[in-house]
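The values are calculated or read from the model by the stated rules, or taken from the named source; none is laboratory data. Since the structure is predicted, the reported quantities are computational estimates derived from the model, not experimental observations. Please note: Cβ atoms are built from the backbone with ideal geometry, for glycine as well, and neighbour counts cover all protein chains shown.
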Amino acid sequence: MFLQQLYRHWRKMFYALLVMALAQAFFMYKAVETVPFFLYNMYSTPQRNGDTAYRTAIYLNGRPFDATQLSGHEQETLFGSLAYFKKLKANRYFATDSATVVQRLRRLPTGLYRPAYKRLTNTSVSDSAFLEWWARYLAQVSGTRVDSFALVESTVLWKPAYRVLKDTVSLINYRHAPADR
């Protein structure tokens with residue numbers, strides 16, 4: 001058995017592996033998502049195929065921008081951060097579930113609890129801070145100066161047949177404010 005051989009030949013690594021396994025069991029029991037420890041249910045829940053998806057188009061300086069020319073990482077950064085921002089905005093910029101924070105920190109003394117709660121439920125994010133960052137990143141990956149961008153979302157139906165609905169919704173219209181000189 002691997003663990004027996006590891007114990008005989010490299011005890012430090014055996015104990016390190018044992019500590020990691022025990023930590024993994026503890027984090028799964030407590031349902032704490034801590035990298036590099038993962039929860040089994042993060043990967044075990046059934047996924048159903050939906051019949052509806054949403055497509056976001058980028059208009060850069062008034063022209064359609066083909067995001068498929070970007071690398072997968074760049075696309076994920078643009079669209080993943082946008083999805084996260086929309087969730088944050090819908091949740092009044094609470095980055096974490098405040099009920100979860102309360103549950104996990106409830107035993108802290110009041111003097112430590114308040115600052116910890118305030119730091120974990122950051123509400124200092126604003127639309128302008130995100131949009132400025134997003135514009136800078138879009139300029140970086142597109143190689144184009146960004147004076148303005150618009151994000152337009154359309155519904156895509158997969159069943160019974162693929163079609164894009166004519167229900168486009170403007171998500172964001174951003175215009176760069178020129179710096180005072």
Point to revise | Matching entry among L171, L131 (being touching a residue at least 60 places away in the same chain (Cβ under 8 Å) and closer than 18 Å to T56 by Cβ) | key: L171
Exercise for review: Pick out the one residue from V152, V146, V156 that is closer than 20 Å to E76 by Cα and touching a helix residue (DSSP H, G or I) at 6+ places or on another chain (Cβ under 8 Å).
Suggested key: V146
Check your understanding: Which residues, counting only those in segment 124-176, are charged (D, E, K, R) and under 21 Å from the mean Cα position of the chain (by Cα)?
Key -> D127, E132, R136, E153
Exercise for review: Look through S98, S142, S126 and report the one residue that is in the same structural domain as V169 (by TED's automatic domain parsing), under 23 Å from A177 (Cβ atoms) and modelled with pLDDT under 80.
Suggested key: S126
Revision key, fill the gap. Residue pairs qualifying under the 6 Å Cβ cut-off, at least six apart or on distinct chains, with the first in segment 152-165 being assigned by TED's automatic domain parsing to the domain that holds L78 and at pLDDT 80 or above and the second being surrounded by 13 or more Cβ atoms within 10 Å (Cβ to Cβ) and not in a strand (DSSP E or B), are V152/T168; S154/T168
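Does segment 54-75 include one or more residues that are hydrophobic (A, V, I, L, M, F, W, C), part of a helix (DSSP H, G or I) and modelled with pLDDT of 85 or more?
Quick first cut of segment 54-75, residues hydrophobic (A, V, I, L, M, F, W, C) only: 57-58, 60, 65, 67, 70.
Narrowing the set further to residues that are part of a helix (DSSP H, G or I) leaves 67.
Those left that are additionally modelled with pLDDT of 85 or more: 67.
The answer is yes; a qualifying residue exists.
Rundown of residues vs (1) among the small types (G, A, S); (2) closer than 23 Å to R92 by Cβ, yes/no style:
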site: S128; (1), (2): yes, yes
site: A139; (1), (2): yes, no
site: T144; (1), (2): no, no
site: S154; (1), (2): yes, no
site: Y162; (1), (2): no, no
site: L165; (1), (2): no, no
site: V169; (1), (2): no, yes
site: I172; (1), (2): no, yes
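Restricting to segment 139-159, give me the number of residues that are among the small types (G, A, S) and assigned to a strand (DSSP E or B). Show your work before the answer.
First, the residues of segment 139-159 that are among the small types (G, A, S): 139, 142-143, 148, 150, 154.
From what's left, assigned to a strand (DSSP E or B): 148, 150, 154.
The number of residues fulfilling the criteria is 3.
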Study note, to complete from the structure: Taking first residues from segment 70-91 that are outside the structural domain of S170 (by TED's automatic domain parsing) and second residues anywhere that are modelled with pLDDT under 95, the pairs with Cβ under 8 Å that are 6 or more apart or on different chains are none
